[in-house]
Every structure is written in C-alpha cells, then in structure tokens.
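Reviewing the structure listed below.
Any read-out appearing in this document is the output of simple, stated calculations on the displayed coordinates, not a laboratory observation. These numbers were taken from a predicted model, which means no experiment stands behind them. Note: ideal-geometry Cβ built from the backbone for every residue, glycine included; neighbour counts use all protein chains shown.
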Amino acid sequence: MSKITEAHAAHYREHGYAVVDNFLDEEELTGALDDLREVLPGWVEYCEDPTRPAPVFPSQSRAPTTVFPYRGDRLNAITMHPELRRFAAENVGHNDIYCEQSHLHAKYRGSDLDRDQAMHCDFANHTLAYPPDLPEYWQTAYLVYYTEVTAELAPTAVCSWRHYPEKIRWPGVYRRREERPEIFDNERRIIVPAGSLFIYSMRTFHRGTTFKADGGRIAQFITYAPAAWKWLGIVGWSAHGVKPEFRRWMERATPAERELLGFPPPKHPYWTEETIAGVSARYPGMDMAPYRG
Ligand SMILES: [Fe+2]
C-alpha cells in the first residue's frame, strides 16, 4: 500500500505541502537510528535523553559524512525510497528524475542551527533560475524526521499556498511578520512522531522554529528534480566521489539507482569498450553486465 496516499497528493497540490505521519515502518526507523548512532555520534542518545552532554555536529555545513552516500546502508536506502521516487515522478509526469539532495540536519536547543528562521521558499539554493507553477519543473522536497517533533522541539512551520495567491514568489524571503502577516499568522507547525515525512515544494513558504525545551531533532533533507534541467539542484554528486562510502554505494546500487544520481544509463552511447573498462577499474565491485548489452 502506498505510504503517500491520494489524500496526501491532493493536499500537496492544493496547499503546497503534505505531512505523512509514520512514513517509515518500524524496521526502517530502527535501522536508520542505528546508522545515525554511527554517523552522528551521540546525537540519537542526546535526543533520547537531553540531560546527557550535548553532541557536536561534524561541521555545521554539510560535512562529507552527513551527505549521501552515508556510512549506513539504511540512510542510503531511505534516500532512494521507492515512495519518495514515485511521488516525485508523479509530480513531474515521468520517471526521468534526479536525486538533487540528501543530507542530514541535526540541531538541539542552543546549537548553531537553533534559530527562528525567516519565512522563505527554498529555491534560492535549489535552482539558478526560478520555480514556475508548471509541474514539469517541480522539485519535490522531503524532510524525514528521525526523532519525535513536539511543539517544544523546533517544529518546522509551513504556510499553505492559499495564503499567498500571487503567481510570482518574489521576494522569496520575509524576515519580519509585518512584511507579510498573513503568511506568518497562518503557519502550521509540523508536530509528528519519529519516522514521519514532510513534503514541500520550492514554491512553499516555511521556516525553522526554535527549541522551547532541552532536546534535539535529527532529520534528513531529500529532494528529487526532473533530470533534464541542469539549472536545478543543490549539489553535484561527483564532489563526493572521493569518499569511500561513494564507491561502496556505487558498486552495490542498481543501474536505476545510479541513474538517480546522474550516472549514464545502460544502452547510453557513453558506454564503449573504453568507458566500461575505465568505470570498472574505478569501481571494481560494480557489475558491468547491464552496460555491456
Ligand atoms: Fe527551507
């Protein structure tokens, strides 16, 4: 059964976001938390018991360990979750999609990221151009919460499209409530159990809020975009190509999963005797058979 239901999809199309409670099943969540204990030492433990010493985020700005592919297979599998792919593909109307983002985001009361953010749309660092109201250009953004989000634990705030009916989303940031009170006044806080999913778009106003109690929040941003448009996307995956986790993931992934990072698909003219030998030399564990055909 689909985790992202028709009702979620309808809500997304009307309001610009959807919330899927308990998106991850028990096994996916437990597995992800096990991976997180390794990737972010001390974080899961701190979220479970904030009287413990506060952990350190390995660089506040996307250290390699906190960006896909991760040391943990379970976090990688959630990045490529079939439901995330299906819904993003449905939004753009075809399967030629690209995973443009997967990174971890963790914060706790008093940490650098514990900030009352401005109300904003995310397109400033997800496209070189502008996100039009045309599904073929839609980037589908996901935030997976690995820890429970209560009203006190920095819930994401989001405002429905209904409250800013203008076609052009510019400015894409409002720092003060007085600039657009109807957007601030109609925000909804995403309060959810661990393992839940927030789906939003580049045309959706939202903001991070502050902690009101001791505690932490661990989440993962995952975004899919139509593959054809080179002006979309927050990262280039080759930038992470030197990580050991990258080779390991590449070797074990399916051709379809590799394609989600922009890797050449089977039957592409790229594949010649030379490129097959070269890629195979770089990734000795990769089954090259699909590229030989
Ligand atoms: Fe944002």
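Here are the numbers for the structure shown:
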| quantity | calculated |
| --- | --- |
| Estimated FRET transfer efficiency (Lys267, Asp133; beta-carbon r; R0 35 Å; 0.05) | 0.50 |
| Residues whose placed amide H lies under 5 Å from that of Ile4, excluding near-sequence neighbours | none |
| Theoretical ellipticity at 222 nm over the chain - DSSP helices of four or more residues, -39500 (n - 2.57) apiece, nearest 500 | -7500 deg cm²/dmol |
| Neighbour-count order for Ser196, Ser111, Ser102, fewest beta carbons within 10 angstrom listed first | Ser111, Ser196, Ser102 |
| Candidate lysines - alpha carbon under 28 Å from Lys3, same-chain residues fewer than 8 apart omitted | Lys107 |
| Label-to-label distance, nm, for residues given as Thr51 and Glu90 (7 Å Cα→Cβ offset) | 4.5 nm |
| Tilt relative to the chain, helix 6-15 - C-alpha long axis, 0 to 90 degrees, to 10 | 60 degrees |
| Cα gyration tensor shape for segment 140-293, rounded if a/c is under 1.5, else prolate or oblate | prolate |
| Trypsin sites (Lys or Arg not before Pro) within segment 175-204, DSSP loop, no more than 10 other Cβ atoms inside 10 Å | Arg176 |
| Inter-label distance, nm, simple model (7 Å from Cα along the C-beta direction), Ala289/Glu182 | 6.0 nm |
| Contour excess over end-to-end distance, with Cα ends at Glu6 and Arg162 and 0.36 nm allotted per residue | 54.2 nm |
| Long-range tail of P(r) for the chain (Cα pairs > 30 Å, %) | 33 percent |
